[in-house]
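Reading through the structure tokens given below for one structure.
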Amino acid sequence: MQKNKTNEVLNRILSLIDSNEIQAIFPADELASWRLMAAADIVQPQKATKGKGSKAQKAVNYLSIVKTVIGARSALPILNCIAVKSGIAQGTNLEQALTFPAPDGTVDGIYDIVGGKLLLNSGLALEDFPPTYGPCQWLADGNPVETLSATGFNGVELAEALTALFPMVSTDVTRYKLNGVYFSREAGSEVFTLVATDGRRLHYRTLQSSGTGEMKFILPSPAIKTLLKINPAEKVEFTLSAPMYPNEKGIMERGENQSVLIDLPEGGELVSKCIEGTFPNYRQVIPLRDGDKIHFSVDSQKWELVLKELLPIAKHCEQDTIRLDFHKAGSVTFKICPADSGIGITERVIEGASVDCWEAFESVKTLAENEPEVWEEKPSDTLTICFNLKFLSDIIKTQPDMVRLSDNLSPACFYRTADVDNRHGESILMSIRIR
């Protein structure tokens, strides 16, 4: 009872601070300080008493995560806050929205998040908050909306897949179609393929789900970041909302403004707009197995240690390329060849690899008197290929145990030999031409 009276008094003080009369007299920074002091004990989530899974504990977790959804300071003050209505809290940046159970005892209204606590903002009206709860159907402009569902995603496997895929997502805004992870399920299948690429490397994985029907969308990287912060351990469900528009023949087809609703543990929901456009045909860049000339085993732990050791050396030399010499005898040499840095060639060797097949060649120039230069392809016991050092490090973190190679100009394909159902997929890394 005493706490309710205290909160009532504090809310009156906050209303007075936010009044036009007071704001016209005192500077904004001083008013902000008063508001923080007045709100020190208001609307505090109760500590969990029922173990990890209690509602209060989950609300605290979502409260810290929703700040990443709100992101940078918005020109619209209300978007810097979260809304609470009927026990449900919402935060949005108009591209994605996170909803979750509000802490116990929270009244309806607009709140700031200060120091992990909710601070009632009486200067903003709840009815002015954007309608972000549920699929973004208001984007359909009155047209019908088709919904498709994918249920039964294993939360742990989904988080593991997104962790491996996220480094491959492009950050180039001019290639916006690559600024997210591509989810694809063919009609009649229960298997989703998840793909990410920046044009120089590519990784894909497969995940089992329930439900059928063609379902394809590109989930933008901010939504991926939010999912990884939540790190769901339970089953996850995706619902795709696609507005329907008539084509030239009057047949209704899925149009733009698609959105995805993701059901999360403990009553949380994440809604995100999809990236518009068609994802490139990633299958075209995956090397065909009948073109392989070398199958070389990879000890991921040893490779990761070597690359971790070479990364700071390369950074010091302002070198982003690493040279790999694969040897038929089962060893691979890692070389950093800095130019004009005063530091000699740095190399490390890993031995003991198994070689399933080997068909490497080198170009040899033959010189004959009074004859033009002739280049011939001759068998070689060494294949030299160059990669971007950081990109190679990211791919090795996906724990492959085999690499498929064709020649020094073709992409390399890293994968796990025991991955029968392709759950861990493959990683494709473009080579760099040696000058």
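Every number here is computed from the coordinates shown, using simple stated rules; none is lab data. Keep in mind the model is a prediction, meaning the values are calculated, not measured. Cβ placement follows ideal geometry from the backbone for every residue including glycine, while neighbour counts extend to all protein chains displayed.
Key figures
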| read-out | value |
| --- | --- |
| Percentage relative contact order, region 73-116, counting C-alpha pairs under 8 Å, at least six apart | 39 percent |
| Computed log₁₀ I(q)/I(0) - Debye formula, equal Cα scatterers, no solvent, region 303-342, q 0.21, 0.23 Å⁻¹ | -0.67, -0.76 |
| Charge dipole of region 145-217 about the Cα centre (unit charges at C-beta), most positive-ward option of Ala150, Gly213, Leu165 | Leu165 |
| Computed over region 162-297: relative contact order in percent, which uses C-alpha pairs under 8 Å that are six or more apart | 20 percent |
| Loop-located GluC sites (Glu not before Pro) in region 242-325, at most 10 other Cβ atoms within 10 Å (DSSP) | Glu248, Glu318 |
| Pair His316, Asp198: separation of 7 Å Cα→Cβ label points (nm) | 2.5 nm |
| Convex hull volume per residue for region 200-355, taking Cα atoms only, in Å³ | 228 Å³ |
| R0 of 60 Å, Cβ-Cβ distance Asp407-Asp128: FRET efficiency to nearest 0.05 | 0.45 |
| Mean Cα-pair separation over length for region 179-227, i.e. relative contact order, pairs under 8 Å, 6 or more apart, % | 44 percent |
| Sorted largest first, extent of region 140-262 alpha carbons per principal axis (Å) | 42, 34, 24 |
